[in-house]
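The values are calculated or read from the model by the stated rules, or taken from the named source; none is laboratory data. Nothing here was measured: the structure is a model prediction, and the numbers come from that model. Cβ: placed from backbone, ideal geometry, glycine included. Neighbour counts: every protein chain shown.
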Amino acid sequence: MTGKQQLIERSTAPLGEIQALLAEQFIDAAHVLAPNLDDSQLGQWCDHCMDLASRSPRVASAFMLAAPQVLPYLEADQLASWADRGSRLCGGSWKSIGLAASFYEGSTRLFALLPTEAVFQLADILRELSLHSIETAARCLTQASTLRNKVPQEVLTAFLDLGMLVARNSWIHATLLFEKGPTQLAGIAANTRSPLLVLIHRICTDTREQPHGLLTDLCDSLAEIDTPEHHKLVDLAGQLALKNPTVAAEFLRSAGVVRKRLSDLQSMTLWLESGLALLEVHGDKTTQAYFRIDSAYAEEILSALSGSVQFESVAGVLQLYGKALGGDDVRLHITGVNDHGRYSQVQVDEGEVVYLPPAMDDFGDRRANLQAYKVSVAHQTGRFTFGSFEYRYGDHGHYLKSSTLLREKSLPAGITGASNLQRFLALFPERLLMEGLLALVEDARVEVCLVEEYPGLSRSLRRVQRHAVEQRPELQTLGLRQAFIENLLRASLACPEAIRWPRCYMATLAHALGILGIVRNSDATVHDSVEAAALLYDISETIPNVPSRLAEGIWIPGQAADIPYGSSLPPVENWPDGIEMPFEPPPGPLFRGEFNAETVRSSTSPDVGRAGESSLDAPLESVEEPEEEADMEAIEAGLDAGGTDTEADEVAEEESTIVEWCYYDEWDFRANDYRKGWCRLGQRPANPGDLDYYDQTLHRYHNLVAETRYQFELLRPEVHRKLKRLEDGHEIDLDQAIEFQIDKKAGAGPSARFYSRRDKVERSVAVALLLDMSGSTDEALDAREPFRDAVNGPARIIDVEKEATVLMIEALEAIGDAYGVYGFSGYGRNNVEFHVIKELDEKLDDVTKGRIGQIEPRRSTRMGAAIRHARAKLIDYPAKVRILMLVSDGRPQDLGYGREASEREYAIRDTRQALIEGKVDGIVPFLITVDAQGHEYLREMCQDISYEVIADISSLPRRLPAIYADAAR
Amino acid sequence: MQQQFRRMEIEEFRIMEEPYYLPIADEVALFESAYRQHIPVLLKGPTGCGKTRFVEYMSWRLHRHIGNRDEEGVPLITVACHEDLTASDLVGRYLLEGEETRWIDGPITRAVKVGAICYLDEVVEARKDTTVLIHPLADHRRMLPIEKRGELLEAADGFLLVMSFNPGYQSVLKDFKHSTRQRFIALEFYYPSRDQEAEIVQNESGCPAPIARDLAKLAEKVRHLKAHGLSEGVSTRLLVYAGKLVADGITPLRACETAIVWALTDDKEVQGAMHEVVDSIFGE
Ligand SMILES: Nc1ncnc2c1ncn2[C@@H]1O[C@H](COP(=O)(O)OP(=O)(O)OP(=O)(O)O)[C@@H](O)[C@H]1O
Ligand SMILES: [Mg+2]
């Protein structure tokens, strides 16, 4: 018997005693292994079998079955390491037995997939994890068998190193790392994956940051950047990490966003260097804020480095610029650009919408890009100021006579359209063609007006026009008719030099250019544009949209023919024959926005009554809307029955707090009378909270807080105002006393009011601040401040309202006026919610402060009742001046607050009525809205009530105290 | 030493040269009618839109055209109201001269006596008890009680009470009593149209016509910003200033910057927007 045979036999019997099957499996495996191992290795193996069997036959069995299969993947001396690692997984519990068994069972597969070292590393990770959670270890083991497919060889080691770190420092995230990590890494340039992992490892080792979280952040950030640049950036971060790992992490975290704003990697390096300089001088907190783009300095550097202008960075100025140029109704709408080179979100909307891209980087320097924004705003508002929408069907232009009568004749009867312009467009069978032509002609006219109205913009307009021409499609790839129109478009951009057209058809183009030239006269009107477009339509219609190559001869530049106001007939041409391509007018350049012929402005409606008016004239329906009533009942039923729906839940929640119910009338403008006791308002204390929110806000705005406090304190001196002309007092007013003496001497019934008194006159002002807590305040401020709060997501309107409230409170405390803070919302007339954050006579304390943080968006906006309730509070308060400030995000809106959901008249009239009631009682109302579209309804609601529209919501915290100071001066 | 200034009694002040005034609507006819009918007039309007100028012009014009019995025409007596203005300040007071006391008429009394236009500027600023004083003067009685002398003065025929106020920027603490308000007819002033304003600016400042037109255009744009950061639109007065600076050789950009952008607001954002508008019109 050989030594090996003896070794085997020595173990067989004890194993058999444990389990007969074990002995069999042992012998089978041993015979396969024996030839490949030397004596001592075999002996070790046998010992392992014995040891495992004594702890768990199941594990031993798995081990023995796996051993012959893994052997091909291992050096003979590695077998023991493998065995060891498995056995270390096996603790006492049945869970750990399962883990160890699965490890052995899965080993063959793992070895087939991964290098030996990696499997061992993995086993070590599992061991570490198993100390914390065996389930987690087991899950990671399962995930690991899919690793090879996702993680390339060279990255494996780094990945598993990171895995080990996770297992040690934040084992909870291990599963995530194994599940998600490989996919996340797939988005990183192949040559950068392992450096990135190494970097993360280093950062996390030093900072104890959570590795998987960081990995996720960095992968997300890098995904925004083209892969060829990944390596360089990670390399830069690596160098930075040598100095300060946290800062390096922040650098990479924001790299995606920063890179988007900068034009090249070079600028990224400069960005990094400025941060480094900061690190040396100001230390890491400041530098972290810098790389988070959380500091003004960071913004400054970024804008200095990037020629591109982010809309956000100039939003305030541009918005006001648009309003200045085009008036109140102008709204800027920021939208991306789709594949067809058009703005992706076009709204058919009331108001004057100006479309702008989120960033402007057409030009190298900032100023030029800002100018480009301005040109775009000026052009688009120009349509409104220069009368593009003032077309009246059938009117003549200055240069061209109306052709409507003639055109109507050649058409079947019954031309209609919702607006004058649409009625006109309906005269043309190829509507798309006509719309395209009209847009380009009218845009050309508007641009001529622009130059006249804003001479200071003309250079920039030129630049923008030239740039637009450079972006135009290649002429000869278009169909012939399209190429024709494309040429007209280039001419409309005042770049006739970019025109190319077959020499043999030049007469037609020249004629068309002549017609287009008509609108270049500064006194041309939209009627000229419309008629010029019609003439161009007649010409274009004759041109077949065949592939351009079918046109014979060379393409040459062209010039306008001199045609006296389109009077001459266009030349007759022999157009090429061929199969026509599908026709679509070439899209206009982006800066011109959307010339939407569908845009129906009320002023251009044909002379039928407007929709709104006719509904007013309609006979009054019964006030009690059956549907609405039904809804109400449903709600009430919900209230009583305490059903399981959310409404009832909320009711239940509310029942725990004390709700005081009050009833208020509501104004029905149709009946011209009140609906008595129509609304039920429930007053309740707002939810309690801790001080964190309040303090954080103070901290965030500490500069502004200090500034407003200071300014409000300046208002305060009135507290010690000198009261003059009193009959009794502390001091004698010399002027008055002399006058008194003289009067006495003259015997002229003197007035003895010559005392003055430095009196502590209480500023007798009380203000109720009423906050809109409607659901719509949940809206984010269009991701304006992406870095504002990584935890809570972008700020919402309500957040700004809350911040403004905190500031306002600080200011009011400084001046010492009495104030109450309330929020309102609700649903339906029976459940107007009125949340008390602070009563007028309540002191500001931790409880009241805590409530502010808890203000959250709720439901609808029934303003009237809320105003009436606040008014009741103010009336009872002894103050000389009483102010009601209402901050809201939009128009009043609630279930049954108006005939149908879309009707706003009712709500507006009731709100107005409520405000007037307050005014009658000597309460000064002031409305503030953060709804940029709010001006119109405010105008209606507040005819003689002060109001302010805050277009840039984020300025509310700054504006609110200022407005108050102004009002309560 | 020679006197560098001219001294005169207030009732001697009349406007001898025709002030430049461009009528905006029918305000001239309305005022003349009110004057004939002894109806007091309240001029409402934003600051710098021509209220004072209008009164000056009317005083000159009435003097010329109505041809009062007094050869010297209709004087204009202006009182700037402030919160410390007392009744004595308006009506008059006793002064001490040696051992004697002497009565001195206040501006209103003088206006009542000579039949002048008495113009109370920014009248809401005055204390309410002072404002009440003019009540008997401002209705059919046309009487001024002089309490200290126990006298009652009946206003001379040419007397007219005119007040001005700017409904925009006064604070909520200040408003008229209705009993004061309803003793006046009100003329509402607003900024002139673009063409009219250009004419005014050119005339007043002596700047070139194209500049005046552009200034008026600028004003129109800037006024859109009212309630969007500006509490008051730009006044004709500021435009005239800008025009004067240009006439004196300052570049239009700088002139607008100083006379309009910076003058109007301290808010950086609004300044920024206005600057861009100025640049769009006057820029290179
Ligand atoms: N219609 C006008 N005709 C001529 N000049 C005018 C006219 N309107 C305004 N102005 C010019 O505007 C300037 C300011 O006008 P004025 O001083 O009369 O304003 P105001 O309305 O009295 O302002 P405030 O309320 O601030 O006293 C005048 O000096 C004048 O140059
Ligand atoms: Mg004045």
Matching option when the condition is within 16 Å of ligand 1 (Cβ to nearest atom), touching a strand residue (DSSP E or B) at 6+ places or on another chain (Cβ under 8 Å) and at pLDDT below 85, among B:A80, B:A126 = B:A126
Just to be sure, is A:A118 in contact (Cβ under 8 Å) with a residue 12 or more places away in the chain, farther than 22 Å from A:D206 by Cα and either basic (K, R) or part of a helix (DSSP H, G or I) (or both)?
-> yes
Could you tell me which of the residues B:E18, B:E97 is more than 16 Å from ligand 2 (Cβ to nearest atom) and closer than 26 Å to B:D195 by Cβ?
-> B:E18
Only one residue in A:S548, A:S540 is polar (S, T, N, Q), surrounded by 13 or more Cβ atoms within 10 Å (Cβ to Cβ), at pLDDT 90 or above and within 20 Å of A:R490 (Cα to Cα), so which one is that?
-> A:S540
Across the range A:800-838, what is the number of residues that are within 13 Å of A:V767 (Cα to Cα) and among the polar types (S, T, N, Q)?
-> 1
Only unsatisfied item for A:T805, checking (1) surrounded by fewer than 23 Cβ atoms within 10 Å (Cβ to Cβ); (2) modelled with pLDDT of 80 or more; (3) in a helix (DSSP H, G or I); (4) not hydrophobic (A, V, I, L, M, F, W, C), is (1)
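Might you check whether a residue that is crowded, with 17+ Cβ neighbours inside 10 Å, of a type in the set (G, A, S) and not assigned by TED's automatic domain parsing to the domain that holds B:V114 occurs anywhere in the range B:152-171?
Residues of the range B:152-171 crowded, with 17+ Cβ neighbours inside 10 Å: B:153, B:155, B:158-166.
Within this subset, residues satisfying the condition of being of a type in the set (G, A, S) are B:155, B:158, B:164.
Then drop every residue that is not not assigned by TED's automatic domain parsing to the domain that holds B:V114, which leaves none.
No - not one qualifying residue is present in the range B:152-171.
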Taking only the range B:100-125 into account, find how many residues are of a type in the set (D, E, K, R), under 20 Å from B:L160 (Cα atoms) and within 16 Å of ligand 2 (Cβ to nearest atom).
-> 2
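So, in the range A:89-106, how many residues would count as being in contact with a Phe, Trp or Tyr (Cβ under 7 Å, 6 or more places away or on another chain) and within 20 Å of A:A174 (Cα to Cα)?
Number of matching residues: 1.
Matching residues to (1) modelled with pLDDT of 95 or more; (2) closer than 24 Å to A:T385 by Cβ; (3) within 11 Å of chain A (Cβ to nearest Cβ):
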{"position": "B:I211", "(1), (2), (3)": "yes, yes, no"}
{"position": "B:L215", "(1), (2), (3)": "yes, yes, no"}
{"position": "B:A227", "(1), (2), (3)": "no, yes, yes"}
{"position": "B:L238", "(1), (2), (3)": "yes, yes, no"}
{"position": "B:Y241", "(1), (2), (3)": "yes, no, no"}
{"position": "B:K244", "(1), (2), (3)": "yes, no, no"}
{"position": "B:A247", "(1), (2), (3)": "yes, no, no"}
Do you know which of the residues in the range B:27-60 that are more than 13 Å from ligand 1 (Cβ to nearest atom) and of a type outside the set (A, V, I, L, M, F, W, C) is nearest to the other protein chains (Cβ to nearest Cβ)?
-> B:P40
Residue satisfying all of: in the range B:254-271; outside any loop (DSSP other than H, G, I, E, B) and surrounded by fewer than 17 Cβ atoms within 10 Å (Cβ to Cβ); nearest to the other protein chains (Cβ to nearest Cβ) among these | B:K268
Out of all the residues in the range A:406-415, is one or more part of a loop (DSSP other than H, G, I, E, B) and in contact with a Gly (Cβ under 6 Å, 6 or more places away or on another chain)?
-> no
Count - residues of the range B:186-199 that are assigned to a helix (DSSP H, G or I) and closer than 21 Å to B:M163 by Cα | 0
Do you know which residues across the range A:815-848 are among the β-branched types (V, I, T) and modelled with pLDDT of 80 or more?
-> A:V821, A:V832, A:V836, A:I837, A:V847, A:T848
Complete set of residues in the range A:865-877 that are more than 14 Å from chain B (Cβ to nearest Cβ) and either in a helix (DSSP H, G or I) or free of Cβ contacts under 8 Å to residues at least 60 places away in the same chain (or both) = A:A865, A:A866, A:I867, A:R868, A:H869, A:A870, A:R871, A:A872, A:K873, A:I875, A:D876
Residues in the range A:301-336 that are over 16 Å from the mean Cα position of the chain (by Cα) and more than 14 Å from chain B (Cβ to nearest Cβ): how many?
-> 7
Selection status of A:R445, under 38 Å from the mean Cα position of the chain (by Cα) and of a type in the set (D, E, K, R) | yes
Which condition number does A:G934 fail, the rest of (1) assigned to a helix (DSSP H, G or I); (2) over 29 Å from the mean Cα position of the chain (by Cα); (3) at pLDDT below 80 being met?
-> (2)
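Any chance you could count how many residues in the range B:35-57 are within 13 Å of ligand 2 (Cβ to nearest atom) and among the aliphatic types (A, V, I, L, M)?
Total satisfying the criteria: 2.
Determine whether the range B:172-185 contains at least one residue that is part of a strand (DSSP E or B) and either touching a strand residue (DSSP E or B) at 6+ places or on another chain (Cβ under 9 Å) or within 16 Å of ligand 2 (Cβ to nearest atom) (or both).
Checked against the condition, which is being part of a strand (DSSP E or B) and either touching a strand residue (DSSP E or B) at 6+ places or on another chain (Cβ under 9 Å) or within 16 Å of ligand 2 (Cβ to nearest atom) (or both), the range B:172-185 yields at least one hit.
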Does A:Y355 qualify as being within 20 Å of A:R520 (Cβ to Cβ), in contact with a helix residue (DSSP H, G or I) (Cβ under 8 Å, 6 or more places away or on another chain) and either outside the structural domain of A:L262 (by TED's automatic domain parsing) or of a type in the set (G, A, S) (or both)?
-> no
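When you scan the range B:272-284, how many residues do you find that are among the acidic types (D, E) and either more than 8 Å from chain A (Cβ to nearest Cβ) or part of a helix (DSSP H, G or I) (or both)?
Pass one, the range B:272-284, residues among the acidic types (D, E): B:276, B:279, B:284.
Going one step further and asking which of them are either more than 8 Å from chain A (Cβ to nearest Cβ) or part of a helix (DSSP H, G or I) (or both), we end up with B:276, B:279.
Matching residues across the range B:272-284 total 2.
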Which of the helices (runs of 4 or more DSSP H) contained wholly in the range A:689-790 include at least 1 residues that are within 14 Å of another protein chain (Cβ to nearest Cβ) and at pLDDT below 80?
-> A:702-715, A:734-746
A careful count of residues in the range A:63-110 that are among the polar types (S, T, N, Q) and over 18 Å from A:Q143 (Cβ atoms) gives 6
How many residues are away from ligand 1 (no atom under 16 Å from the Cβ), of a type in the set (F, W, Y) and within 14 Å of chain A (Cβ to nearest Cβ) when one looks only at the range B:145-169?
-> 0
Restricting to the range A:524-566, what's the tally of residues that are charged (D, E, K, R) and within 21 Å of A:R383 (Cα to Cα)?
-> 2
